[in-house]
Every structure is written in C-alpha cells, then in structure tokens.
C-alpha cells in the first residue's frame, strides 16, 4: 500500500534532494508530493505503478510528478539514483527549467501526458546512465556539505538534467521551439488560481488568441489541452491536500476547483490511478519506504 513521502520532512530547506541507493529487497509502493527522477543502474528488479509491474533495465529513467506513486519489487543488487525536486521550488526558483525545451519535455510534458497517471519511463544510453549516476552521487555530496553552496547545487542539478535529456533514446530527442509566450502566460494564469472555473474561451481571450489556436499551441508545447493541464494541476494539488490535511475528500475537491464530489473522485482516479479515499488511506496506512544506502547494502470548461 503506498505511503506518502513529504517534501517538508525530507528537503531540509533545499529545493533538491539526491542520493544513490542499492536495493536488495522491495520498496513498498509510495507516493510523493514532490517530483522524483529515478535513474536505474546495474542489478535487477521490477517497477510497480498504476500501469502494472514491469522489469527494470539499466539506463531507464523514471520521472514522477507530485501525487504519482510507484514501488520496487524483487530487487537484487539494484542501483537506483534519485534526484528529487521540491514542488514549491518548481513553482519558484526552479520555474525557469520549464522554459528549456528539452527539460520541459523531461519534467513536464511526458509525465503529465494523458493516461500516464503522472509517471513517465524512458531510457538513456549506458554511458549517459553512468554519468548521471556519478553526477547524482556528487550532488548528494554537495547537499551534505557543512557549508551550503546553492550555486554549486544548482549547477550540478542542471548537469544531471542535461545528461538525462541528451542521453534519451533517439526517438525521444525531438526538436522543440521555445515555448510560445501565450502558453507561458496561460500556464502562469492557471497556476496562480487553479480553483478558478476557467473556460477555454476566457483563457484564449486573455492572450488574444482563438481558442482552437491556443489549444493547438498547448498540445505542441505541453502535450495537453489548457483544460487538460488545469485538471493535472488540480489533481497534484489535491494529492498534497489529501496527504497533508484532514479535510474531507469533498472539501479537498472543492478547494482545488472540483465542487462536485462524484466528479472530483472520477477525475482524480483518472489522473492519479486511485480514488481520493484510496489515495488518502494508502498514504497513511503504510510505513514510509526506506532506501538502503551503499554502506548498508554492501467553450470548453473544466467542470466544478
């Protein structure tokens, strides 16, 4: 049953968390209220998500948006390097990453695409995987240093993301134009007030575009329609509230813009893979997973 890992308890004030781990047992399914990137190294194991259970391969890169869940089973000498980004930082000091096309696809477009439940799995070549593992190890060291070096941490993070973006399988390396200003403005408007009853024509009017044209631009740059992006954002915010607060599920839905409890439950399950009640119950009923260290291993409207 998934537990939920919370950024306020893990990040210690930093926007980034990193570590290289060696697994010889399973990790119970767990959710996050932050973004996680897991790079698979040597060893064997199976990955569990709402999409089922699949064998892990060296060089796989797993990206999970806030609210998504996963786990590991049957691990033998499995090396996993984790690089986690605070959701708050992604809306703040790390927001500029969204303006870099290759990182926008890695961190936003692929894992928020329809039907993914916030999880994207891709692959990099073996050399890129080894480089990413080494850089994440160095990032962990920088984060653990006695003296805080935010500039070095940021530089190391960009290096990790760049290695993963450059090393993806050739079919994933698509050329993308700089994000259209109308898309950036619409994203900012939605993120500032996700509970607002946005209509597509209102969003389009605000950026002086035809609704159909704005929809095409969003699909090109984000992988979703504007209202699809709104729904994903609402689901991520709802997941955080379900895990952190004691608000009844119906009030959680209303807080993020879905006033109808039945509709909220249906949309949340579609986007996350669990009903709100299941997500909350599982996030609180299991012992949070623990990764072993190397030493231990030796016109359109979103309904309300």
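The values are calculated or read from the model by the stated rules, or taken from the named source; none is laboratory data. Because the structure is a prediction, the values reported are computed rather than measured. Reconstructed Cβ throughout: ideal geometry from the backbone, glycine too, with neighbour counts over all protein chains shown.
A single entry from 154, 139 fulfils the requirement of being in contact with a helix residue (DSSP H, G or I) (Cβ under 7 Å, 6 or more places away or on another chain), farther than 30 Å from residue 269 by Cβ and at pLDDT 90 or above: 139. Residue count for segment 199-246 satisfying the condition of being under 24 Å from the mean Cα position of the chain (by Cα) and either within 13 Å of residue 183 (Cα to Cα) or assigned to a helix (DSSP H, G or I) (or both): 30.
When each of 211, 150 is tested for being surrounded by fewer than 20 Cβ atoms within 10 Å (Cβ to Cβ) and either in the same structural domain as residue 49 (by TED's automatic domain parsing) or at positive phi (or both), the lone residue that passes is 150. From the list 44, 22, 30, the lone residue that is crowded, with 21+ Cβ neighbours inside 10 Å and more than 23 Å from residue 158 (Cβ to Cβ) is 30. Scanning segment 121-131 for residues that are at pLDDT 90 or above, surrounded by fewer than 21 Cβ atoms within 10 Å (Cβ to Cβ) and touching a strand residue (DSSP E or B) at 6+ places or on another chain (Cβ under 6 Å) turns up at least one hit.
Residues in segment 158-185 that are at pLDDT below 55 and in a helix (DSSP H, G or I): 170, 171, 172. Under the condition of being over 25 Å from residue 48 (Cβ atoms) and within 10 Å of the chain's Cα centre (by Cα), the residues counted in segment 91-130 number 0.
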